[in-house]
Amino acid sequence: MSNNWTEEELKAAVESYVDMHIKEANGIPFIKKQYYHELSARFGRTEKSFEYRMQNISYVYSLLGRGWVSGLKPAKNVGSSNAAIIERLISEVEGQQSLKIAEFETQVLSYKAKNILEKPQGIKEPEKMYSSVTTYVRDPKVKAWILKHANGYCECCDNKASFITAEGEPFLEVHHLRRLADGGSDTISNTLALCPNCHREMHYGADKLNLVQSMYDKIGRLVRE
Ligand SMILES: [Zn+2]
Ligand SMILES: [Zn+2]
């Protein structure tokens, strides 16, 4: 990803992306090529270059553990400074505060890729960062029903919960297949009980799209929203 994209161009690309992401989440049809065409006409770059930029934006979504616009496979050649800018722009467009997750994770990856990485000193007293995060009011009965129904077993791998909590409950996490942030419902047809491994894989796995599909195929109560 070259550095000579202006903030204005990046912002326009992110605005288009967020728009497509919302449309897809709500089942509203759209044509990706039309977005590239408009951006291309506005900024005088090729449609292809905007498509690639969209794939960089998918990569940032993927680092955030979110789903990306289908067909726009994440392209990781984005660099931590651009990832940071894209993350900030996504937050701005969505009206959220950026938690700088993609910025941190791209830095981790680039340090990890170095041949020699000396033992870091770390930070003795990490600085505090206050943030406001949007959360959703959920129905405790839904979580209770899902956990009761799962009966201590992960609904993905069918293994027994790997530990018992201090409160004496088998530890399982309740996951929303269509994220609440994407307009998903808090209902038993959109949620399932997962072990921490399967849960993380559902968010971050290379094959997460197939994994999600396999849940809809396997569990009869789930309905694609
Ligand atoms: Zn599992
Ligand atoms: Zn989840």
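The values are calculated or read from the model by the stated rules, or taken from the named source; none is laboratory data. Values in this document were obtained by computation on a predicted structure and should not be read as measured data. Virtual Cβ from ideal backbone geometry, glycine too; neighbours counted across all protein chains shown.
From the list A75, A84, A12, A41, the one residue that fits, being farther than 23 Å from H199 by Cα, outside any helix (DSSP H, G or I) and small (G, A, S), is A75.
Checking each residue in the range 181-203 for being more than 14 Å from ligand 1 (Cβ to nearest atom) and of a type outside the set (S, T, N, Q) picks out A181, D182, G183, G184, D186, I188. Looking at the range 42-97, which of its residues are over 11 Å from the mean Cα position of the chain (by Cα) and of a type in the set (S, T, Y)? T46, S49, Y52, S70, S80, S81, S91 - these are the residues of the range 42-97 that are over 11 Å from the mean Cα position of the chain (by Cα) and of a type in the set (S, T, Y). Residues in the range 51-69: is at least one of a type in the set (S, T, Y) and assigned to a loop (DSSP other than H, G, I, E, B)? No - not one qualifying residue is present in the range 51-69. State which residue is farthest from ligand 2 (Cβ to nearest atom) when the search covers only the range 127-170 and only residues that are assigned to a loop (DSSP other than H, G, I, E, B) and surrounded by 14 or more Cβ atoms within 10 Å (Cβ to Cβ). The residue in question is G152.
Among residues of the range 202-225 that are among the hydroxyl-bearing types (S, T, Y), those with a Cβ under 7 angstrom from a residue that is outside any helix (DSSP H, G or I), sequence gap 6+ or separate chain, pair up as Y204/G65; Y216/L222; Y216/R224. The number of residues in the range 192-220 being touching a strand residue (DSSP E or B) at 6+ places or on another chain (Cβ under 9 Å) and part of a loop (DSSP other than H, G, I, E, B) comes to 2.
The listed residues are R178, R224, and the only one of them that is in the same structural domain as K148 (by TED's automatic domain parsing), away from ligand 1 (no atom under 16 Å from the Cβ) and either in a loop (DSSP other than H, G, I, E, B) or touching a strand residue (DSSP E or B) at 6+ places or on another chain (Cβ under 8 Å) (or both) turns out to be R178.
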